[in-house]
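Student: Following this message is one structure expressed as structure tokens.
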Amino acid sequence: QDAGTDSGTEQPAAPDSGTPAESSRPVPAKLDHQMETLERRPEGCDGDDCPKFEVRLQVYEGQPELNAAVRRQLASQLVVSGENPDSPDSLEAAAGQFLDTAAGLSGEDSHGWELSGDTKQLGRWKDLVTIAINTYEFTGGAHGLPVTRWLNWDLGENRPVSLGQVINPGQEDAFEAAARRAHERWLEKEVDSDEDFRQAWPFQESSDFRLTRKGLVLHYDVYSIAPYVMGQPTLTLPWKDLEGVIREEYRPDGGQ
């Protein structure tokens, strides 16, 4: 199903097709990991209403650069909205910023505050692994704010891969057209002919993507192309819509 929170769903990797491409280093058949946690609360505060900072992340064995990239992205998302414009440079710094912000409020204004995050391997396509980096902020109001970013990492070349790097040069317009068609299919499924919804929540581009057997999947946060109640939608661009658009080495049938 396209709509809904996709970030916590483990999906099987696509089977390799052909001989793996040459890479600068050995590529593990499987990423082993250990869990790392970080929890912080104000000193002397142990009730349910205490502001809390909690992080759980997967640390991958033999992948120091990937782990560093995951930490950087996670830390950059762990900022109280509108309070600290500078992104923290570490998870410890993010925890300190959060607790300092909460401590600066008077009375019960920070009761129930939460800033949390987690990371998880979402899937793998050939040598490209996708890590979901999820954060959640609650600082009062009706509900909290979840944010998800998808980090794609080439295990062979040991570097991040952006959406622009998987699209063939000059095919950006064709990719956008395929994304718009996927969005239209999503609208027909979710809201049918609700013209008010279509006007209020128009198509937007997204740079958060992953590659799967079905095609290229785009991720959207809440309030992007749909109201909060519809969660974090995803759009699937099938491979048949991406002929000549996606670089051959990333396609399911070639480039090897």
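Student: Using a 1.4 angstrom probe on the protein heavy atoms only, could you order LYS126, LYS30, LYS52 from most to least accessible area?
Tutor: LYS30, LYS52, LYS126
Student: When DSSP assigns beta bridges and you keep just the ones with both residues in the chain, what percent turn out antiparallel, to the nearest 5?
Tutor: Beta bridges within the chain, antiparallel portion: roughly 85 percent.
Student: In whole Hz, with x marking every Gly and Pro, tabulate ³J(HN,Hα) for the stretch 137-146 from phi via Karplus 6.51 cos²θ - 1.76 cosθ + 1.60, θ = phi - 60°.
Tutor: For the stretch 137-146, the Karplus-derived couplings read 10, 10, 10, x, x, 6, 7, x, 10, x Hz, x marking Gly and Pro.
Student: Separate question: Return the FRET efficiency for the residue pair ASN158, GLU54: r is the Cβ-Cβ distance, R0 is 35 Å, and the value is rounded to the nearest 0.05.
Tutor: After rounding, the FRET efficiency stands at 0.70.
Student: Right, here's the next one. Run the helix sum for the chain: -39,500 (n - 2.57) per DSSP H stretch of 4+ residues, divided by residue count, reported at 222 nm to the nearest 500 deg cm²/dmol.
Tutor: -6500 deg cm²/dmol
Student: Okay, moving on. I'd like the accessible area for ARG247, computed on protein heavy atoms only with a 1.4 Å probe and all protein chains in place. Round to 10 Å², please.
Tutor: Result for ARG247: roughly 80 Å² accessible.
Student: Okay, next question. Between PRO233, PRO64, PRO51, where does the largest GNM mean-square fluctuation fall for the chain, given springs only between Cα atoms within less than 10 Å?
Tutor: In this elastic network of the chain, the residue with the biggest mean-square fluctuation among PRO233, PRO64, PRO51 is PRO64.
Student: From the square roots a ≥ b ≥ c of the eigenvalues of the alpha-carbon gyration tensor of the stretch 106-229, which class results: rounded (a/c under 1.5), prolate (a/b over b/c), or oblate?
Tutor: oblate
Student: Could you give the size of the charge dipole of the stretch 105-256 about its Cα centre, using +1 on the Cβ of each K and R and -1 on the Cβ of each D and E, expressed in debye and rounded to the nearest 20?
Tutor: That gives a dipole near 660 debye.
Student: Now for a separate question. Given a 10 angstrom Cα cut-off, can you work out which residue in HIS111, HIS183, HIS143 is the most mobile in a GNM of the chain?
Tutor: Looking only at HIS111, HIS183, HIS143, the largest GNM fluctuation is found for HIS143.
Student: Considering only PRO227, SER193, GLY215, whose Cα is most displaced toward the positive end of the charge dipole of the stretch 143-256, charges sitting on Cβ of Lys, Arg (+1) and Asp, Glu (-1)?
Tutor: Farthest towards the positive pole: GLY215.
Student: Which distance in nm do the two modelled labels at HIS33 and ASP89 give, with both placed 7 Å along the Cα-to-Cβ direction?
Tutor: 2.6
Student: Same structure again: On a 1.4 Å probe surface of the protein chains, which of ARG159, ARG251, ARG41 comes out largest in accessible area, and what is the full order? If you can, show how the numbers build up before the last one.
Tutor: Details: ARG159 70, ARG251 10, ARG41 100 Å².
Descending accessible area places them as ARG41, ARG159, ARG251.
Student: Moving to a separate point now. Rounded to the nearest percent, how much of the accessible area of the stretch 88-147 (1.4 Å probe, protein heavy atoms only) is carbon and sulfur?
Tutor: Roughly 49 percent, rounded to a whole number.
Student: Taking the Cα centre of the stretch 164-239 as origin, sum charge times position over the Cβ atoms of Lys and Arg (+1) and Asp and Glu (-1), and report the length of that vector in debye to the nearest 20. Can you show the working numbers first?
Tutor: Numbers: 8 positive and 13 negative charges, 92 e Å.
Dipole magnitude for the stretch 164-239 comes out near 440 debye.
Student: Moving on to the next point. Given a 1.4 Å probe and every protein chain left where it sits, what share in percent of the accessible area of the stretch 150-216 is carbon and sulfur?
Tutor: Details: 1590 of 3540 Å².
Here carbon and sulfur together make up 45 percent of the probe-accessible area.
Student: With +1 on the Cβ of every Lys and Arg and -1 on the Cβ of every Asp and Glu, and nothing else charged, how large is the dipole of the chain about its Cα centre, in debye rounded to the nearest 20?
Tutor: On the way: 24 positive and 46 negative charges, 185 e Å.
Dipole size: approximately 880 debye.
Student: Tell me which label goes with the value of mean projected area of the Cα convex hull in nm² computed from the coordinates here: (i) 19.6; (ii) 15.5; (iii) 18.9.
Tutor: Evaluating mean projected area of the Cα convex hull in nm² on these atoms matches (ii).
Student: Oh, and also: What does the charge count near TYR228 come to, summing +1 for each Lys or Arg and -1 for each Asp or Glu among other residues with Cβ under 15 Å from its Cβ?
Tutor: -3
Student: With springs connecting C-alpha atoms under 10 Å apart, model the chain as a Gaussian network and identify which of ASP196, ASP208, ASP32 has the largest mean-square fluctuation.
Tutor: In the Gaussian network model the winner is ASP196.
Student: Would you mind checking the pairs LYS30/LYS52; LYS120/LYS214; LYS30/LYS189; LYS52/LYS126; LYS52/LYS189 and listing those with alpha carbons more than 30 angstrom apart?
Tutor: From LYS30/LYS52; LYS120/LYS214; LYS30/LYS189; LYS52/LYS126; LYS52/LYS189, over 30 Å: LYS30/LYS52; LYS30/LYS189; LYS52/LYS126; LYS52/LYS189.
Student: Also, I was wondering about something else. With every protein chain left in place and a probe of 1.4 Å, what is the accessible surface of LEU235, to the nearest 10 Å²?
Tutor: Approximately 0 Å² for this residue.
Student: Rounded to whole Å, give me the distance from the Cα center of the stretch 137-171 to that of the stretch 36-60.
Tutor: Using only Cα atoms to place each centre, the spacing works out to 24 Å.
Student: Another one. For the chain, what does the relative contact order come out to in percent, with C-alpha contacts under 8 Å and a separation of six or more?
Tutor: Computed value for the chain: 21 percent relative contact order.
Student: Something else: Roll a 1.4 Å probe over the protein chains and send me the accessible area per residue for the stretch 52-165 in Å².
Tutor: Roughly 42 Å² per residue, with all protein chains present.
The values are calculated or read from the model by the stated rules, or taken from the named source; none is laboratory data. What you are looking at is a predicted structure, and each value in this text was computed from that prediction instead of being measured. We place every Cβ from the backbone using ideal geometry, glycine too, and count neighbours over all the protein chains shown. Remember, those area values only see protein heavy atoms, side chains included, never the ligands or the DNA or RNA. Shrake-Rupley method; radii C 1.70, N 1.55, O 1.52, S 1.80 Å.
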